[in-house]
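First up is the structure itself, then whatever we jot down about it.
The values are calculated or read from the model by the stated rules, or taken from the named source; none is laboratory data. Computed from a prediction, not measured in an experiment: that's the story for all the values here. Positions of Cβ are backbone-derived with ideal geometry, glycine not excepted, and every protein chain shown enters the neighbour counts.
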Amino acid sequence: MKRTYIKIVNALLCGFFLFSLGACNAFLDEEPLSFVNPENYLKSEEQLLAYVDKYYADFISSNTHEDDDATDNQKGTNERYMKDTWTVAQKEKDDGSGDWDFTKIYAMNYYLQTVVPRYEEGNISGNDVNIKQYIGEGYFLRALDYFKRLQKLGDFPILKTTLEDDLAILTEASKRSPRNEVARFILDDLDKAISLMTNAPAKTRITKNAALVLKSRVALFEATWEKYHANTALVPNGPGWPGAEKDYNANYQYPSGSPENEVAWFLDQAIDAASQVADAIQLVDNNQIIRDDVRKSKNPYYDMFASHDPSGYDEVILCRLYSFALGNASNFNHVLYHGGNTGFTHQFEQVFLMNNGLPVYAAGNDYKGDDYISDTKQGRDWRWRLFMKAPDEIKAVDNIAVPERFPVIPRLYMTDTKMSTATGYIEGKGYSLDYNDQMMGQDQTAFVVYRAAEAYLNYMEASYLKNGNIDAKAASYWQALRNRAGVDPDFQKTIKATDMAKEALNDWGAYSAGQLVDATLYNIRRERRCEFIGEGLRYMDVCRWRAMDQLNGFQQEGAKIFGPMESIFVDDSGNSLLVYDQADQTKNNVSSPSLSDHLRLNQKSTTNQYYKGFYFYEAHYLSPIAVQHFLITSPDGKTVSESPIYQNPGWPIEAGATCK
C-alpha cells in the first residue's frame, strides 16, 4: 500500500513534466522530445510561456455556472441536501478530479522551484517583463488550485516544493495546516503574482488585476467563513476541531493573536485588494436595449457576456475565448437554445428590486406579479430583464433570415431533458443572439472569468463587516451598480423598505448561522446575488455565510403555472399539457396545485428522493476525505487513527458512511 502511494506521487511528478513538455516541443530544437533533459528545459521565456499555457484551461474553467445549480438561484439537486446519499469514499478517482489531490499543485511547485532560482541567477533568456509575467502566472495558478482545496476541505497540507521518493517525507507532508494558514499562503502567492505581473498583457492572460480580484475573493471568503462558522469545529481551535487531536496542531495559535483579529486581518486584505481594482476600472454601460431586431444596437452590458471576444470591455479583467476553427468551441448556447433542463427559481425572481428601488412586497412597488413570466420583468431591475429569457422572446437575430423566438408555452412540463426549460425562467446570461453560436459544437461565445464588478461588491461587503457602516467609497460603488441595473441608486430607501421575515422566504442569504442578518448587510448580499446571476458564485457565498443551517424542507419552485397562465398550457386539440395527481405517478409532468400555485421542481412524484425538500447538515459545508489517504499514511497501513491526516468535522473514516 505504501509503495503504491510512492508510485502515485512519482507518477504525478513525472506526468507533470512530460505532460507539460508536450506543449513546448516547438521551442525545443536542441534534441528530440523523448530525450529532453529537465536541466535543459524552462530556461527561456518561450518555454515558461508554453508551460503555464498548458494549465490555463485546467485551472480556468467555463463550467463554474454549475455552482449556481441546486441552490435557491437555480434548478438542480445535490447529495449535500440529504444525509444518506453523501458518503465517505474508499478511494478517489485516479484522474486527478478528487478533492485531496495534488496534481496541479505539484505541477506548479515543479515550475516555481525551477524557474524562480534560475531567474534570480539570471539564467532565463528573454524579455524580463515577460519572464516575470509567466512566473507570476505560476504563483497565481498555484494559489487558484489551493483556493479550490480550501473551499472543499478547509485545512490542507501546504506544499511549496516537489517531494523526494521517500515514504517518511511524503507522510510528513500530509499534515494538514489550519485553514487560515492555507488562506494566508494563498494570499502570499497572490502577492508575489501581483508584484511580478502588470496589466499590459491581453485579457486572455492572467494580469495584476486578476490577481487582485482573486485576492479580494479569497480574503473575503476566509474572513466570512471564520466569522460565521466561529465556535464550531469548522474553524481552527473551535470546539471539536479535529486538528487539535494531532500533536502538530494541538497548541495552534492564530498569527494575529485571536480568531477575531484573524477575521479583521482578512477583511483588511480584501478591502485593500478590491479597492485597487474598483478605483481604477469603471463598469460597462447598460443602454437598456433588449435586442430583438438585427437593426437594433447592441447592449454593452449584455454583450460583455455574449460576445466572441469581450476583451474590449473595460470591466472585463480575464476572459477565455473559444474558437470553432481551433476545435475548442462549446455547446453552452446550444443547450440553452433548447432549454437544457435548467432555469432560475421563483425564489430568485422574487429578490430582484423594482426600478424604484423597492422590494416586490413593499407599498408602492408597482410589481406586476408573476401570473405570467413576462410580467415579472416589467419595471424591474435590468439584470432580471436582460438575463432571464421569457416565453416568446428572441432566440436569435444574427446570421438567421427570420429571427427565432422561444416557445410561447414554456416547456417546463416536458420530460425530455434537452428540450425542457425546467422552471420557465430561462437562463440568459452568456446567451448569444448569433444563430451560429447555437449550433452543436460551434459556440464561440467567450467566458468572462473575472470582472471589476466583483471588486466593487467585495469591497462593499468587507468594509461594512469591518467598520459597521457604508463608507463613501462603498456608497459610490453601490450606486454605480444600481445605476447600471436601472434601479434607484438610493440604497437606503431599499434598506428601510426591507422586511427580513419576507426576504427569508426566498433568500438563503438572509441568514447566517440560522439567524437573520441586519437589513443593510442583507441588501449588500442581495446586490451580489443579483449582479452575479448565472455566474456560478452562489454556492461559494452561501457556504462562507453559513447560510444553509436553516434549511428544513426547502422546496425549489419555478413559474406560477396554476393561475391565469394555466390556460396557455394546451395542445392543438385543446387538451391540457399539465399532468398531475395521477395514480401512476410516473405519468405526472408537473407538481400538484394542491401543493403550490408554483411548479414544485421536486414534487412531481413522491418517489423523488428530494420530494420532502432540501435539508442541510453542518458536516456538508466541507467534503470528507477518502479512506485510502488515511490507510496509505498510517504506520501499519491499517490503523487510520495513526495517520497524520485527520477527517473533516462530522465525517467518519469509514467507507460508505454518512455524516454523524
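The sole residue among S623, S596 that is of a type in the set (S, T, N, Q), in a loop (DSSP other than H, G, I, E, B), closer than 30 Å to D94 by Cβ and not assigned by TED's automatic domain parsing to the domain that holds Q347 is S623. Please tell me if T607 is at pLDDT 95 or above and either of a type in the set (A, V, I, L, M, F, W, C) or out of contact with any Phe, Trp or Tyr (no Cβ under 8 Å at 6 or more places or on another chain) (or both). Answer is yes for this residue. Candidates in segment 426-447 are the residues that are crowded, with 23+ Cβ neighbours inside 10 Å and hydrophobic (A, V, I, L, M, F, W, C); of these, the one that is nearest to V218 (Cα to Cα) is A446. Scanning segment 24-53 for residues that are in a loop (DSSP other than H, G, I, E, B) and modelled with pLDDT under 50, we see that the one that is nearest to A107 (Cα to Cα) is C24. The residue pairs whose first member lies in segment 266-282 and is among the aliphatic types (A, V, I, L, M), whose second member is part of a loop (DSSP other than H, G, I, E, B) and at pLDDT 95 or above, and whose beta carbons are closer than 9 Å, counting only pairs six or more residues apart or on different chains, are A280/N199; I281/D314; I281/E315. Scanning segment 88-114 for residues that are among the polar types (S, T, N, Q) and touching a residue at least 24 places away in the same chain (Cβ under 8 Å) yields Q90, T103, N109, Q113, T114. If you filter segment 472-500 down to residues that are small (G, A, S) and in a helix (DSSP H, G or I), you find that the one that is surrounded by the fewest Cβ atoms within 10 Å (Cβ to Cβ) is A472. Inside segment 366-425, can you point out the residues that are of a type in the set (V, I, T), surrounded by 14 or more Cβ atoms within 10 Å (Cβ to Cβ) and within 24 Å of the chain's Cα centre (by Cα)? Residues satisfying the conditions are T421, T423. Within segment 379-391, being among the basic types (K, R) and either modelled with pLDDT under 95 or not in a strand (DSSP E or B) (or both) holds for R383, R385. For D145, the stated conditions hold: it is among the acidic types (D, E) and touching a residue at least 60 places away in the same chain (Cβ under 8 Å). With respect to being part of a loop (DSSP other than H, G, I, E, B) and either in contact with a strand residue (DSSP E or B) (Cβ under 8 Å, 6 or more places away or on another chain) or modelled with pLDDT under 50 (or both), G76 fits the description. Taken over segment 568-590, the criterion of being in a loop (DSSP other than H, G, I, E, B), in contact with a strand residue (DSSP E or B) (Cβ under 9 Å, 6 or more places away or on another chain) and more than 24 Å from K368 (Cβ to Cβ) is satisfied by L577 alone.
Residues of segment 505-536 being within 18 Å of W478 (Cβ to Cβ) and among the aliphatic types (A, V, I, L, M), which ones? Hits for segment 505-536 are V517, A519, L521, I524, I533.
Within segment 142-161, one or more residues are closer than 21 Å to L48 by Cα and among the β-branched types (V, I, T). Quick one: is A223 surrounded by 19 or more Cβ atoms within 10 Å (Cβ to Cβ), over 30 Å from Q550 (Cβ atoms), in contact (Cβ under 8 Å) with a residue 60 or more places away in the chain and touching a Phe, Trp or Tyr at 6+ places or on another chain (Cβ under 7 Å)? Answer is no for this residue.
Listed conditions (1) charged (D, E, K, R); (2) at pLDDT below 95; (3) under 25 Å from V351 (Cα atoms) are all met by K418, apart from (3). Looking only at segment 501-510, decide whether some residue is crowded, with 22+ Cβ neighbours inside 10 Å and either assigned by TED's automatic domain parsing to the domain that holds Q74 or touching a strand residue (DSSP E or B) at 6+ places or on another chain (Cβ under 7 Å) (or both). Yes.
Go through the residues of segment 254-275 one by one and say whether even a single one is surrounded by 15 or more Cβ atoms within 10 Å (Cβ to Cβ), farther than 23 Å from M460 by Cβ and of a type in the set (G, A, S). Yes - at least one qualifying residue is present in segment 254-275.
Residues of segment 392-425 that are in contact with a Ser or Thr (Cβ under 9 Å, 6 or more places away or on another chain) and assigned to a loop (DSSP other than H, G, I, E, B): D392, E393, F406, P407, P410, M414, S420, T421, A422, T423.
Only residues that are assigned to a helix (DSSP H, G or I), under 18 Å from A455 (Cα atoms) and of a type outside the set (D, E, K, R) were counted across segment 523-545, and they come to 4.
N523 falls short on exactly one of the conditions (1) more than 20 Å from the chain's Cα centre (by Cα); (2) over 20 Å from D490 (Cβ atoms), and that condition is (2). Can you spot a residue in segment 557-567 that is at pLDDT 95 or above, more than 31 Å from the chain's Cα centre (by Cα) and either closer than 18 Å to N78 by Cα or assigned to a loop (DSSP other than H, G, I, E, B) (or both)? Yes; the residues of segment 557-567 include at least one that is at pLDDT 95 or above, more than 31 Å from the chain's Cα centre (by Cα) and either closer than 18 Å to N78 by Cα or assigned to a loop (DSSP other than H, G, I, E, B) (or both). Tallying residues that are in contact with an Asp or Glu (Cβ under 7 Å, 6 or more places away or on another chain), assigned to a loop (DSSP other than H, G, I, E, B), crowded, with 21+ Cβ neighbours inside 10 Å and not β-branched (V, I, T) within segment 330-356 yields 3. All of (1) within 26 Å of T232 (Cα to Cα); (2) free of Cβ contacts under 8 Å to residues at least 60 places away in the same chain hold for P117 with one exception: (1).
Of the residues S311, S297, the single one that is assigned to a loop (DSSP other than H, G, I, E, B), of a type in the set (S, T, Y) and surrounded by fewer than 22 Cβ atoms within 10 Å (Cβ to Cβ) is S297. The condition (being of a type in the set (A, V, I, L, M), within 31 Å of the chain's Cα centre (by Cα) and at pLDDT 95 or above) is satisfied by just one residue among A583, A655: A655.
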